[in-house]
Structures are given as structure tokens and as C-alpha cells.
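Visitor: The structure's right below; bear with me while I get my questions together.
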Amino acid sequence: MPSHDIVIKNGLIFDGARVPRYRGDIGIRDGVIAEIGHIPDSGSARVIDATGLHVAPGFIDLHTHYDAQLFWDPYCTLSGWHGVTSVVIGNCGFGFAPVAPEMRERAMLSMTRVEAIPFASMKQGMPWDWVSFPEYLDSVERTPKAINILPYVPIAPLLIEVMGFDDAKAGRMPTDAEHQKLCTLFEQALDAGACGWSAQRLHPDGPSAVQLDYDGTAMVTDVMHDETCEALAKVLGKRNAGFMQMTISTGSYQHDRTHMETLSKLSGRPLLWNVVQAYDHKPEVHRESLKWLARCREAGIRVYGQGLTTDAGFSFTFEDWNLWDDRPAWREATLGTVAERLAKLSDPERRPALRSQVPLTVTGPIAGIVVIGPRTPATERWRDHMIGQVAEALGKHPVDAMLDLAVADGLGTDFFAAPPNVRVDYLKEILDDPYVLLGVSDGGAHTKFLTAGRYPTETLVKLVREHKLLSLEEAHWRLSALPAMLAGFDNRGVLKLGAPADIVIYDYETLAVLPSEVVHDLPGEEWRRVQRAQGYRYILVNGQVTIESDRETNIFSGRLLRHGDGSKARTTSLAA
């Protein structure tokens, strides 16, 4: 019998725990790390020569929306291409369980705008062989996976289940009995293996209401109440287990911060707040956020921030674009079918309102948007021009210049909007806080706009190799061990004896994010934008090679990590 299933030889090891790099070998047996150090050449089933390569723990992505995509894409790409070996699903309070059969179509519609997941893909790609949340987890477990999945409980489906759709959408306060039922369903989900709860609370009248339902109304969690969040936090406190994820903007920074501190105190558990973002035109936003997070740590309050550290930007057409929903005129004009959008965006009577509500929050200034894909001879002359240049040449307002191009192309014009956080010195201020996580990928969401799932590779290439903002030891801790600790990934995120063998082996000098491309690989004949990676020689998940030389091996060794460790069941009494 061989002594190891795989031995990784002569690699430069970064263990994820910030131990200084060292050269050595890693022996893997039965999916876990059995030996680290100098391992003799003989007696192993497979030897991977890592000479000249970096060996590190697989990356852990805490903010994804692969709840549907995992059923048709075992690698959960883009994440699986970029060294991610474990993801969290159920973010922002959005998900597909519990959902009664008659509500399935409405549940899928709700994800078409807020997370921009194509309806046809969800309808064709999901098996819908569940109703309850525990049944959903059983379905996920049956599904072949090339990465590990850790589930949050999304709160929107629970609220609809308990209160009914209309009352949940209206934001009615649950009764005491309804709060009790909500907590009972939550505990059943935790017993089945969930690792916490999540909610987006972007009040529809607030400054950040950029992600709404398919019909332009608020999402259920946007209008939920503090008292409901507190009841759920107390459940985690009772069990002494679990985690909370929250995106919140109710219009009062003080309320939002005090509320999150309260949730952490009530539960005694970590809360991850999305997001810490630098805005080039208002650095006071991220600086105040960092000061608040530091005060939380000093007071022993377990609130952490997730940094938006990618500069992926947005490529979009007005056939699908929806991330200016915080501007009422733009929200209304971008609702409906392509024909309805075209009619509204070409209507001269709407233009004054659109000009007066020029978007800025999710992207940079509108004048800086670039025309990257004109579709007709009439618009071709403006290829690679910024909207500000087009507007000046035509003597038009930038809004009119952009929309006239889009209308001339039947809304098919491709635009690129750079994010409002391109200053490296401001990004460094965020990175200098060692307890701000890296990301946010939004993997599985905004499939026609965004390729932020590239962020782990981007971290190593841009932040470490190019700008030297982080050491490799620090980067691997932030990409693996820190998110593992916060979200309850048991024994993952580090390379140590007995840990599951989730490992990336990469060529540091040739590591790269490849150019954006459009691929037609979604169910329902839908397409998406992707960016693949270069330089990942091997990626191992639970001790098996799932990626070799940047290509999938079609080995599905990922697991559903119930309770963070994959155990089948755990009752309330055992949760502590």
C-alpha cells in the first residue's frame, strides 16, 4: 500500500497562517494532509513536482450567489477557475428555500434583477426537488461538486414562508407568534447544516437602493425590521454557533452601525458587513468605516468588513443593465422587456428626469463610461470613446449622448463603466487593515455585467506582485484562513496536519487574469461574461486534483459542508 495518495514535492509553502514561507513537501492521504516536511520519493501513488511553484491553501469566497448555478456548473465558475476551493451561498438573504411549488417561478423572477441571473437558466438548470431548506441541502449534497459549499440561511424565503408573500413584501412587523415560527424554521435549517443567516437591508428610499426586485419593488429583506434580525441573532447566541452576513443602508450610518453591533452582542458571533469600499471622490466614506471597525475590535464586538478590492468594473448593455436603481427615473426606464426599455429610453419626455438624476454610486461619473461595442455603422465611429468625448463632439448632455447611441443600436451597444475605486493609495488604506476581507466576487450574480470572481488571482497579481501592497504571507491569510475563521469553515484555510487537502499550486511569475470574453454556456441558451485564469498548475479539493494546467479535470471531490465540517446532523444541544 502506498504511504500517501499524493505527495506535493519541493514547493514553496505558504501555510495561510502567516508563518514565513518555507520549502517542503506535503503528503496527502484520504483527502487530508497527513505529513508536511521532507517526504521520501518512494511509496506514493502520485507525485506532483512543485519545484519553482507556490503551494498555498485554497481560497475561500464568502460572498457568492451560486445557489442556482451550482446545479449546472460543478466548478461554480468563475470562482473555481481562480483558486477558490470553498464558497458560501445564500448571501444577502436571497435563495430558493423554503419555497412552495406554486412560488417557484416568483422566486426565480426575484433574482433576475437584484442579482441579474437569467430566468431561463434558473428554470432549466435547477431540479427543484425540494420545498424546505433541509430538502434543499439534500439536493445540493446529491449534486456533483468540484468545490466545497457552505450554506447560509437566506432570510427572504423564511419571511415569505411565515408571513405570506404580500405581507412580507409590504414590510409588516411579524407578530410574536410569527417571530417564534421564523426562529423555529431557522433552527431546523441550522440543525440540517446551515451555518448562519444573511440579509440585504437596502431601504428602497435610502441612498443605496441599487438592487431591487424584478418589478422595481423592494426586496423582502429591504423592508424587514430590526426586531426580526435581533430574534435571529438570539438563536445563534443560544446555540453558540453560526455567523451573520449583512448588507445594510437604511439612510442612517449611526443606526446601521449600532444595529450591527447589537446583533453581534446578542449573538456573540461574527457579523460580516458588506462592503468597505473606497470612492475616489469621497475617501471619507472608507476612512470612517475603517475607524468604526477598529472601534468594534477594541470593544470586543465581532463585526468585520468585507473590502471591495477588485477593480473589475462593469461591461453592460441597456438590454439588461439594472444597477442604477437608486435613481427612480432610471429604475423605471430600465424595467420591462427590451422593447419596453427601448421605447422608454428613446422617449424625449423622459430625458429631463434622466439628466437630472445622473448616476454615480455604483460606477464612476457617467462621462467616463467607454463605448466598447457599437453595433451599427452609425455608432461605429464612437468605438473606444468616452461618453464625455461623444457628448462634447455632438454638443449633447452626456446622458443624451449615451442613450442616443444605445437607442441607435437597439440597446445592444456595449459600454464599460470603471468602478469608482481605482486609486491605489485609497485601496492601500483598506488593505492596511488586516481584518478586512478581500473580494467581493458576487460569483454567480450579475452574469452579463461583472467578472469580479477573478479577485483571488487579481489579489496575487495586482496587489502583491505589481503594487507590493501585501506580502504573499498576508495575502494568503486574507484569502483563506481569515474567511475560514469568520464563516465557520472547520479546519480549512490553512495547510496543517489533519486539515482537508484544499490546495492551490501556482506559478507566481506567470499567474494572470485572462481577458474578458462572452461565452454561451448557460442553460436556456443564455450567455455570460467570464475571465479565466492562467498559472494554476494544480488545484486540489479534498485531496483530489480538480484543475490541472488551468483546465478542469472533471473530478467532483467537493462537499456540502454542513455545520462547516460536512457532518450530517447536529442538534441544538450539540451546536455549542
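Visitor: Taking a 31 Å limit on the Cα-Cα distance, which of the listed pairs LYS9/LYS468; LYS282/LYS496; LYS9/LYS462 fall beyond it?
Guide: Working: LYS9/LYS468 28 Å; LYS282/LYS496 42 Å; LYS9/LYS462 28 Å.
LYS282/LYS496, as the Cα separations exceed 31 Å there.
Visitor: Can you put HIS54, HIS65 in order, fewest other beta carbons within 10 Å first?
Guide: Working: HIS54 22, HIS65 26.
Ascending number of Cβ neighbours within 10 Å: HIS54, HIS65.
Visitor: So, R0 is 51 Å and r is the distance between the beta-carbons of ALA170 and SER42; what FRET efficiency does that work out to, to 0.05?
Guide: Numbers: r = 70 Å, r/R0 = 1.36.
Step by step, r from the Cβ atoms, then E = 0.15.
Visitor: Treating cross-link reach as a plain straight distance, find the aspartates and glutamates whose alpha-carbon is under 14 Å from the alpha-carbon of LYS234, omitting any fewer than eight places away in the same chain.
Guide: Cα-Cα hits under 14 Å: GLU187, ASP226, GLU261.
Visitor: Please compute one quarter of the surface area of the Cα convex hull for the chain and express it in square nanometres.
Guide: Details: hull surface 102.0 nm².
The Cα convex hull of the chain, projected and averaged over all directions, gives 25.5 nm².
Visitor: Follow-up. Provide ASP67, ASP404 in ascending order of the number of other Cβ atoms located within 10 Å of each residue's Cβ, fewest first. Spell out each step's value before the answer.
Guide: Working: ASP67 27, ASP404 18.
Ranked by crowding around the Cβ, least crowded first: ASP404, ASP67.
Visitor: Pop out the ³J(HN,Hα) list for segment 115-130 in order, Karplus 6.51 cos²θ - 1.76 cosθ + 1.60 with θ = phi - 60°, rounded to Hz; leave Gly and Pro as x.
Guide: Result, rounded to whole Hz: 10, 6, 9, x, 4, 4, 5, 5, 5, 7, x, 9, x, 6, 9, 8.
Visitor: Let me ask something else about it. Please label the shape of segment 314-417 as rounded, prolate or oblate, based on the square roots a ≥ b ≥ c of the eigenvalues of the alpha-carbon gyration tensor (a/c under 1.5 means rounded; beyond that, a/b larger than b/c means prolate, else oblate). Don't skip to the end; give the middle numbers.
Guide: Working: a/c = 1.38, a/b = 1.22, b/c = 1.13.
Note, shape of segment 314-417 comes out rounded.
Visitor: Segment 36-139: Rg/Rh from Cα coordinates, Kirkwood Rh? Don't skip to the answer; put the middle values down first.
Guide: Numbers: Rg = 19.0 Å, Rh = 16.4 Å.
With Rg and the Kirkwood Rh in hand, the quotient comes to 1.16.
Visitor: Among VAL504, VAL407, VAL99, rank each residue by its count of other Cβ atoms within 10 Å, from fewest to most, as a rough exposure measure.
Guide: On the way: VAL504 28, VAL407 18, VAL99 22.
Fewest-to-most Cβ neighbours within 10 Å comes out as VAL407, VAL99, VAL504.
Visitor: Moving on to the next point. Which value at 222 nm does the chain reach when only helices count, each DSSP H run of 4 or more adding -39,500 (n - 2.57), with the total divided by all residues and rounded to the nearest 500 deg cm²/dmol? Before the final figure, lay out each step's value.
Guide: On the way: 21 runs with 173 residues, N = 576.
Using -39500 (n - 2.57) per qualifying helix, the result is -8000 deg cm²/dmol.
Visitor: I would also like to ask the following. Looking only at segment 113-131, which residues have a backbone nitrogen under 18 Å from a spot 7 Å from the Cα of GLU340 in the C-beta direction?
Guide: Residues 113-120 fall inside that zone.
Throughout, read-outs are computed from the coordinates displayed, never taken from laboratory work. Remember, predicted model here, so these are calculated numbers, not experimental data. Every residue, glycine among them, receives a Cβ derived from its backbone with ideal geometry; neighbour counts consider all protein chains shown.
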